[in-house]
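So the structure is just underneath, and the comments pick up after that.
The values are calculated or read from the model by the stated rules, or taken from the named source; none is laboratory data. Note that the coordinates shown come from a computational prediction; the quantities given were computed from them, not determined experimentally. In this analysis, Cβ positions are derived from the backbone assuming ideal geometry, glycine residues included, and neighbour counts consider all displayed protein chains. Heavy atoms of the whole protein, side chains included, go into the accessibility calculation; ligands, DNA and RNA do not. Shrake-Rupley method; radii C 1.70, N 1.55, O 1.52, S 1.80 Å.
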Amino acid sequence: MQHANILKVNEIFYSIQGESTFAGLPCVFVRLTGCNLRCSYCDTTYAYEEGEDKSIEDIMECVARFNCFLVEITGGEQLLQKSLPLLVDHLLRANHQVLIETNGSLDIRSLNSASIKILDIKCPSSGMSANMDLANLTRLSQHDQVKFVIGTREDFLWAKDLCQYFDLLGNRQILFSPVFGQLSPEELAKWILTDHLKVRLQLQLHKYIWSPGQRGV
């Protein structure tokens, strides 16, 4: 059993935020190990198992070295680790703005409402849409964001229907992102414009700055 003050960390690095409404900003990334999903397009399979145990104090010390206001906790799936809420609280107390990108399958209510949750709802082409806890869409704070990674026309229509059902359009920051190398940004942009959707087209900026497979960026 893992100690309450310990998390399994895959990597900690300083880079440019590539996604969300914070895209383009310098950001420290804390990537935790382990994931309960196996998405067809996953680009971080190395985080399934790789990592080492670190205390919250060690993580905070590492983050502080980068002298950066913005911190994102990513994965894997962070909510699998029971100490995540404690780490979030420590980062907030240290006056960081904290983003948490979570895969949508686990209840987000344990997370401090001052953090910004980026709920990555899995569409059908991921193979994981049946694993979503869609009640999370009713648990969002006003500043939270919802992301859909779109690989096909079916994904687009599924995401659009879900947004309409939960009355998210115009009431939340909604991000539609094409699966890199599978759906062209131009095609997704055309669908968004044709349907007049109040969503933000999001590209994975880091994959255009650096090599798409490069780690630690």
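With the alpha-carbon atoms of region 1-76 aligned to their principal axes, the span from lowest to highest coordinate is 35, 34, 15 Å, starting with the largest.
As a test of the definition: which semi-axes, in Å, follow for the chain when you take the square root of five times each eigenvalue of its alpha carbon gyration tensor? Largest first, please. Could you put the intermediate results ahead of the total?
Numbers: eigenvalues 155, 67, 56 Å².
Equivalent ellipsoid of the chain: 28, 18, 17 Å, largest first.
The modelled label-to-label distance between TRP210 and ASP133, using points 7 Å beyond Cα along the C-beta direction, is 3.1 nm.
Note: region 83-163, Cα convex hull, 89 Å³ per residue.
Take the Cβ atoms of GLU187 and LEU25, set R0 to 25 Å, and the FRET efficiency comes out at 0.35.
Please report, to two decimal places, log10 I(q)/I(0) for region 22-116 at q = 0.11 Å⁻¹ as given by the Debye formula with identical point scatterers on the Cα atoms and no solvent. With one equal scatterer per Cα and no solvent, log10 I(q)/I(0) is -0.30. Shape class for region 114-204, computed from the alpha carbon gyration tensor (a ≥ b ≥ c): prolate, with a/c not under 1.5 and a/b above b/c.
Among the trypsin sites (Lys or Arg not before Pro) within region 1-98, those in coil by DSSP and having at most 12 neighbouring Cβ atoms inside 10 Å are ARG38, ARG65. Protein heavy-atom surface of the chain, 1.4 angstrom probe: 51% of the accessible area is carbon and sulfur, with nucleic acids and ligands not counted. Computed 3J(HN,Hα) for region 204-210, one whole-Hz value per residue from the Karplus formula 6.51 cos²θ - 1.76 cosθ + 1.60 where θ = phi - 60°, is 7, 4, 4, 7, 9, 7, 10, glycine and proline marked x.
Under the Kirkwood approximation applied to all pairs of distinct alpha-carbon atoms, what is the hydrodynamic radius of region 151-217 in Å? List each step's numbers first, then the result.
Numbers: mean 1/r = 0.0770 Å⁻¹.
Roughly 13.0 Å, rounded to one decimal.
Solvent-accessible surface of the chain, averaged per residue with a 1.4 angstrom probe and all protein chains in place: 46 square angstrom. In a simple Cβ point-charge model (Lys, Arg +1; Asp, Glu -1; nothing else charged), region 1-88 has a dipole of about 160 debye relative to its Cα centre. Using r as the Cβ-Cβ distance of GLU61 and ASP89, and R0 as 22 Å, what FRET efficiency do you calculate, to the nearest 0.05? Here the calculated transfer efficiency is 0.85. Using the Cβ of LEU168 as centre and a radius below 15 Å, the other residues enclosed give a net charge of +2, where K and R count +1 and D and E count -1. Near ASP89: Cβ cut-off under 15 Å, other residues only, Lys/Arg at +1 and Asp/Glu at -1. The net charge is +3. A full extension of the chain between LEU203 and GLN164 corresponds to an added length of 11.8 nm, given 0.36 nm per residue minus the alpha carbon distance.
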